[in-house]
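The values are calculated or read from the model by the stated rules, or taken from the named source; none is laboratory data. For clarity, every value in this text was computed on a predicted model and none was experimentally measured. Cβ coordinates were reconstructed from backbone atoms using ideal geometry, including for glycine residues, and neighbour counts include every protein chain displayed.
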Amino acid sequence: MWGGRFGGGPAEVMRAINSSIATDKRIWREDVAASRAHAAMLGTQGIISADDAAAIDQGLAAIADEFASRGVAEDSALEDIHMHVEHRLAELIGPAAGRLHTARSRNDQVATSFKMFVRGAIDDVVAAIDHCEAAILDRAEEHAATIMPGFTHLQSAQPVTLGHHLMAYREMLVRDRSRFADARARLNQCPLGAAALAGTSFPIDRDATSTALGFDGLTANSVDSVSDRDFVVDYLAAAALCSVHLSRLAEEVIIWASQPFGFVVLPDAWSTGSSIMPNKRNPDAAELVRGHSARIVGDLVALLVLLKGLPLAYAKDLQDDKAPLLDAHDLLMISLAAMAGMVADLQFDAARMRAVAAAGHATATDLADWLAASGIPFREAHHIVGRAVAAAEAKGVNLDQLSLSEFQAIDPRIGAEALERLTVESSVASRSSAGGTAPERVIAAVAAARAARRDR
Ligand code: ARG
């Protein structure tokens, strides 16, 4: 298609390194749609005849049917998806196919098609995030009052409710969702009409193609239009962080399912066995979610490095934008689906979590808070409770197992009501500040999240 000035064909390796069809065939739907919009505009503007525009449109529609039913027949001699479509069009409708490429270049063509693909990918991810959020909300509601140890430094810190802990992941996903929505809004400007890099002398109507293809407006600068891949970086940055969030949840599932923790049992549907150890039930899906996030972060880095130092406008390096995006998208979609499925199916051992939450003097802060509320400066209260913890440890019991007289021997201001604060149930119920772990707050947070979903 560009051979006019060439005497010989490309070397075999030249052909191989130049071919991107194995990857960019996945954007055929967008490419065909953009070509149909372009051809219709050329016809309306009188740049090509109405007959040619109609023939091109019919041919492209036939190609879409073909690709949908039989896939794209790859031919490395045809380089990329754009050449495949145009070549097939020529086979179907003859010389009129050669008019489709009037007033455009593959440079604005690929930018347009790929933007449309990334836009669709974002819509898919947002739906998958919503699905994962729904699973979290259901389990958080179910476990609004289930007690587990809350950790800092992975050391038992204070009891929390499982529902509250799960809702922390909901917050991350909501931020991820908004990052994807931002990326979508920012990318939705149509580059078609920038042609190779400078614009075109033909009287094109960029607004018409932009509107037909669902864009909100036009890119403002033709050089930027063909060299900008910020939209790929935006997608990948949002994907990388989302995958990091999923990886943190996956890591918790892995820890919780380990025998020393025993907080959850991974149901059969989300476990694998070992070929040598019959006792094993391995959390492979969670481990792969954790592993996939490494690859997705790598895909982001690949795009950033691809762009770094690249002079304007188009260079073929940019063809390498698709593989990282597609890789990250596939990995993120399956990670979101797997986490949604695992969250829905995890079998929590509430008794075990409560027992572990109560161990380790977990309500020491509650006693200190009670003393501080009764007028003792918190620093002094902290010291008093520290002595009580030491006394409990010396006796080999948990703080809540000391008697009132033992407490009063440490400090007579510790009253009987203070002891009621020492159960884990009372501890979590007392943390009812906004955003706190109290069951009533969890119920309210789930309700607010559901209302927000309805308003989206
Ligand atoms: N396959 C190319 C890409 O994905 C299309 C643009 C080719 N442009 C060019 N001037 N060779 O970037």
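Looking only at the range 65-92, count every residue that is more than 34 Å from the chain's Cα centre (by Cα) and among the hydroxyl-bearing types (S, T, Y) and tell me the total. Within the range 65-92, residues that are more than 34 Å from the chain's Cα centre (by Cα) and among the hydroxyl-bearing types (S, T, Y) number 0. The sole residue among L266, L249, L241 that is buried (at least 16 other Cβ atoms within 10 Å of the Cβ), within 25 Å of D330 (Cα to Cα) and at pLDDT below 95 is L266.
Of all the listed residues (A344, A338, A302), the sole one being of a type in the set (G, A, S), touching a helix residue (DSSP H, G or I) at 6+ places or on another chain (Cβ under 9 Å), over 30 Å from P159 (Cα atoms) and away from the ligand (no atom under 11 Å from the Cβ) is A302. With the structure loaded, tell me whether A429 is part of a helix (DSSP H, G or I), surrounded by 14 or more Cβ atoms within 10 Å (Cβ to Cβ), touching a residue at least 24 places away in the same chain (Cβ under 8 Å) and out of contact with any His (no Cβ under 6 Å at 6 or more places or on another chain) or whether it fails that test. Here the answer is no, as A429 does not meet what is asked. The requirement of being surrounded by fewer than 21 Cβ atoms within 10 Å (Cβ to Cβ), outside any helix (DSSP H, G or I) and of a type in the set (V, I, T) is not satisfied by I17.
Does any residue of the range 284-299 turn out to be out of contact with any strand residue (DSSP E or B) (no Cβ under 9 Å at 6 or more places or on another chain) and at pLDDT below 95? No.
When restricted to residues that are in a loop (DSSP other than H, G, I, E, B) and not small (G, A, S), the range 189-211 contains 8. Taken over the range 402-448, the criterion of being over 30 Å from L166 (Cβ atoms) and among the hydroxyl-bearing types (S, T, Y) is satisfied by S403, S405.
Any idea which residue in the range 134-184 is nearest to the chain's Cα centre (by Cα), counting only those that are farther than 20 Å from A447 by Cβ, buried (at least 18 other Cβ atoms within 10 Å of the Cβ) and small (G, A, S)? Going through the qualifying residues, I end up with A183.
Residues of the range 311-325 that are out of contact with any Leu (no Cβ under 7 Å at 6 or more places or on another chain) and within 12 Å of the ligand (Cβ to nearest atom): A315, K316, L318, Q319, K322, A323. Is it true that D330 is within 16 Å of the ligand (Cβ to nearest atom), at pLDDT 95 or above and under 30 Å from D230 (Cβ atoms)? Criteria not met by D330.
Beta carbons closer than 7 Å, at least 6 apart along the sequence or on distinct chains, pair a first residue in the range 36-51 that is assigned to a loop (DSSP other than H, G, I, E, B) with a second that is charged (D, E, K, R) for Q45/D205; I48/R99.
Summed over the range 59-105, residues that are within 15 Å of the ligand (Cβ to nearest atom), assigned to a helix (DSSP H, G or I) and surrounded by 18 or more Cβ atoms within 10 Å (Cβ to Cβ) total 7.
Exactly one residue out of V125, V118, V160 is assigned to a strand (DSSP E or B) and in contact (Cβ under 8 Å) with a residue 60 or more places away in the chain, and it is V160. The number of residues in the range 307-350 being in contact with a Pro (Cβ under 8 Å, 6 or more places away or on another chain) and hydrophobic (A, V, I, L, M, F, W, C) comes to 1.
Yes/no matrix, rows are residues, columns are (1) of a type in the set (A, V, I, L, M); (2) more than 26 Å from G262 (Cα to Cα); (3) in contact with a strand residue (DSSP E or B) (Cβ under 6 Å, 6 or more places away or on another chain):
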| residue | (1), (2), (3) |
| --- | --- |
| Q347 | no, no, yes |
| T363 | no, no, no |
| F378 | no, yes, no |
| T423 | no, no, no |
| V442 | yes, no, yes |
| A449 | yes, yes, no |
